[in-house]
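Notes follow the structure.
Coordinate-derived values only; no laboratory data. Everything numeric here is computed off the predicted structure, so don't read it as measured data.
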Amino acid sequence: MNAEVGSIMKYFYDVFPNQVYTDELPQGFETPSLYFPPVQATDAGDTNMTFLKAYTPQCEAVSR
C-alpha cells in the first residue's frame with residue numbers, strides 16, 4: 001500500500017470508524033465495516049519519453 005491509499009483509508013475511517021479490511025474480505029467479517037480491495041493500476045503511454053500510470057482505488061461500506 002502506498003501513502004496516498006493509506007491517506008484515503010484514514011479519511012474514510014475518520015468518517016466511518018469501524019473495522020477495516022484490506023486485500024481480502026474474510027468469511028464471517030464484522031458489520032458494519034469498510035473493505036478496501038487492492039488498488040487497480042493501469043499503464044499507458046503518455047508521450048514518447050514518459051508513461052502514465054492510473055490508479056483506481058475502491059471502497060465498500062458494508063452494513064447490515
*Given (1) 12, 12, 12, 11, 10, 10, 11, 8, 7, 6, 1; (2) 20, 34, 21, 13, 8, 3, 0; (3) 19, 43, 23, 11, 4, 0, the label whose value is P(r) over Cα pairs in 10 Å bins from 0, in percent derived from this model*: (3)
_Can you give me the angle between helix 3-15 and the longest principal axis of the chain, using Cα atoms only, in degrees from 0 to 90, rounded to the nearest 10?_
30
